[in-house]
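Shown next, in structure tokens, is the structure this report addresses.
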Amino acid sequence: MKKYIALSLTLTIFIFVLVISPAGYAEKLPPEKAGKIGVPLGKIAYVSGGDVWVMNWDGGNQFRLAQVENANGKLSWAPDGKRVAFTRQGRVEIHSPNNLGGAHKVYDIFVAFIDSAMAQNTSFWYQMTNELGGRHPEWSADGSKIYFTQDINANRVNAELPNYQIAWTDTVGSKINVMRKDHAQTNIGVTMPSLGPNNQYVGVLFQGLNQAGMVVLPLDKKSIAAGELGTTIKVIPGATAPAWSPDGKWIAYVDSDMSRQGIYITTPDFKERYLVYKPTVGRNLQTHPLSWSPDSKWLTFATTDGVIWVVDITGNGLKQLSGAGMNSAPSWSKNK
């Protein structure tokens with residue numbers, strides 16, 4: 001039996017075919033380019049102590065949405081603002097007859113309801129995937145689908161490595177549809193989908209165990225060849241946790257290289273990049289996907305000490321929404 005090697009989504013070993021260097025772009029977005037920035041609206045869902053919580057954008061009116069104890073990672077609001085998709089984490093241990101084996105984490109996606117929480121029922125939700133590999137849910141703009149990362153190998157006892165691919169299903173999880181047709185013949189995987197305009201999405205690309213960086217791809221792209229990386233497919237190395245703005249103009253991401261760690265925004269063609277937030281000494285960024293306010297002027301994120309923040313796209317208006325603790329993965333509602 002082969003030992004399953006757990007693959008971290010924050011690895012910083014990069015392949016050498018990449019052509020876009022992220023060095024030297026520490027300037028912030030000019031105010032005239034940002035446009036008018038007002039007070040943000042909407043609510044923010046987040047994970048705290050393994051449960052799913054919701055609060056106003058300014059940190060007020062906090063309430064528990066789902067009491068599950070093992071929620072982990074990205075949350076996604078339905079466009080109607082009444083449902084939140086979230087991931088629960090489990091663990092599989094394998095011991096073969098010759099005492100080989102290992103352990104790895106497994107995930108599935110669930111959906112909770114705001115109305116149920118308002119009725120003091122925090123134990124009502126439904127399971128959307130059941131293949132043990134689903135995480136990073138992303139609701140489509142029309143509310144008909146949920147896109148997500150699917151580890152094709154998660155439920156294989158003798159899998160040596162994970163195989164991360166982008167998949168989608170309807171909102172009740174009738175069938176998992178893997179978007180690429182070459183997923184069984186390639187070592188190139190994509191995770192953390194965030195939908196954009198023109199039938200595109202942004203994600204984080206892996207080649208084997210190497211996290212290559214952030215890419216923009218068509219939703220209908222059925223295969224990826226190694227020769228496309230750095231040529232027809234542009235890649236920003238070190239970029240992770242992407243989020244496409246609701247207005248389609250910007251992609252926010254975390255640069256995971258410790259020498260330039262920070263939150264940045266870029267145009268979808270990667271030609272313009274600006275610094276939004278650089279953590280102070282001793283503070284690091286979580287690498288759960290970032291999340292935009294409905295007006296595309298603000299971002300919410302969390303640091304590894306469990307503090308949740310909001311900041312506007314020019315790097316101003318930084319506001320702390322929670323104290324340090326077991327808080328993670330804030331996600332802004334899509335409706336105002």
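Spin-label point model (7 Å from Cα, Cβ direction): what's the ASN70 to GLU160 distance in nm?
2.9
Provide the gained length on full extension for the span LYS82 to GLN185, in nm with one decimal, where the gain is 0.36 nm per separating residue minus the Cα-Cα distance. Please report the intermediate quantities before stating the final value.
Numbers: separation 103, 0.36 × 103 = 37.08 nm, distance 3.96 nm.
So the extension gain works out to 33.1 nm.
Quick check: convex hull of the Cα atoms in the chain, volume per residue, rounded to a whole Å³?
Details: hull volume 46.3 nm³, N = 336.
Cα convex hull per residue, to the nearest whole number: 138 Å³.
Filter LYS36/LYS222; LYS33/LYS319; LYS181/LYS278; LYS74/LYS175; LYS28/LYS74 down to the pairs with a C-alpha to C-alpha distance above 32 Å, please. Walk me through the numbers on the way to the answer.
Working: LYS36/LYS222 40 Å; LYS33/LYS319 22 Å; LYS181/LYS278 39 Å; LYS74/LYS175 21 Å; LYS28/LYS74 26 Å.
Where the Cα-Cα span goes over 32 Å, the pairs concerned are LYS36/LYS222; LYS181/LYS278.
Quick one: plug the Kirkwood hydrodynamic radius of the range 239-320 (C-alpha pairs) into Stokes-Einstein at 10 °C, 1.306 mPa s, and report D in µm²/s.
Values: Rh = 12.5 Å.
Diffusion coefficient, whole number: 127 µm²/s.
Rounded, prolate or oblate: pick one for the range 206-279, where a ≥ b ≥ c are the square roots of the eigenvalues of its C-alpha gyration tensor, a/c under 1.5 means rounded, and failing that, prolate if a/b is larger than b/c, else oblate. Present the calculation step by step, with values, prior to reporting the outcome.
On the way: a/c = 2.19, a/b = 1.32, b/c = 1.66.
Cα axes put the range 206-279 in the oblate bin.
Run the simple label-point estimate for LEU209 and THR232 please: 7 Å along Cα→C-beta, distance reported in nm.
3.1
Assuming R0 = 45 Å, can you tell me the calculated FRET efficiency for the pair ASN121 and GLU272, based on Cβ-Cβ distance, to the nearest 0.05?
On the way: r = 46 Å, r/R0 = 1.03.
Result of the calculation: an efficiency of 0.45.
Counting other beta carbons within 10 Å of each Cβ, put ARG135, ARG156 in order, fewest first.
Working: ARG135 26, ARG156 15.
Going from least to most buried by this count: ARG156, ARG135.
Starting from the Cα coordinates of the range 178-229, work out the convex hull volume and express it per residue in Å³. Each step should come with its number before you reach the end.
Numbers: hull volume 4.0 nm³, N = 52.
It is 76 Å³ per residue.
Taking a cut-off of 12 Å between Cα atoms, list the aspartates and glutamates near LYS221, but don't count ones fewer than 8 places away on the same chain.
Result set, ordered by chain and number: ASP182.
Of the DSSP beta bridges with both residues in the chain, give the percent that are antiparallel, rounding to the nearest 5. Display every interim value, and only then the final one.
Values: 83 of 86 bridges.
Looking only at bridges with both residues in the chain, the antiparallel portion is about 95 percent.
Quote the charge dipole size of the chain about the Cα centre in Debye, to the nearest 20; the model charges only the Cβ of Lys and Arg (+1) and of Asp and Glu (-1). Don't skip to the answer; put the middle values down first.
On the way: 32 positive and 26 negative charges, 19 e Å.
Dipole magnitude for the chain comes out near 80 debye.
Take each of the peptides 278-291, 173-186, average the number of other beta-carbon atoms within 10 Å over its residues, and list them starting from the highest.
Values: 278-291: 17.6, 173-186: 14.1.
So the peptides 278-291, 173-186, ranked by packing, come out 278-291, 173-186.
Sorted from fewest to most neighbouring beta carbons within 10 Å, what does the list HIS104, HIS136 look like?
Details: HIS104 20, HIS136 29.
Result, fewest neighbours first: HIS104, HIS136.
Just need the Rg to Rh number for the range 35-87, please, alpha carbons only, Kirkwood Rh.
Working: Rg = 12.2 Å, Rh = 11.9 Å.
Reported Rg/Rh (Cα atoms, Kirkwood Rh): 1.03.
Please find the FRET efficiency linking SER96 to ASP305, where r is the Cβ-Cβ separation and R0 is fixed at 35 Å, and quote it to the nearest 0.05. It would help to have the intermediate numbers written out before the result.
Details: r = 40 Å, r/R0 = 1.14.
Calculated transfer efficiency: 0.30.
Please give the contour-minus-distance gain from ASN130 to ASP247: 0.36 nm per residue of separation, less the Cα-Cα distance, rounded to one decimal in nm.
Working: separation 117, 0.36 × 117 = 42.12 nm, distance 3.29 nm.
Separation in residues times 0.36 nm, less the Cα-Cα distance, equals 38.8 nm.
Mind giving me the nanometre distance, one decimal, between the label points for LEU219 and MET326, set 7 Å out from Cα along Cα→Cβ?
Those two pseudo-labels are separated by 3.6 nm.
Hey, what do the phi angles of the range 124-141 turn into as Karplus ³J(HN,Hα) couplings, whole Hz, using 6.51/-1.76/1.60 and θ = phi - 60°, x for Gly and Pro?
Karplus values, whole Hz, x for Gly and Pro: 10, 7, 10, 8, 9, 10, 9, 9, 6, x, x, 7, 6, x, 9, 6, 6, 4.
Each value in this text was obtained by applying a stated rule to the coordinates, not by laboratory testing. Since the structure is predicted, the reported quantities are computational estimates derived from the model, not experimental observations. Every residue, glycine among them, receives a Cβ derived from its backbone with ideal geometry; neighbour counts consider all protein chains shown.
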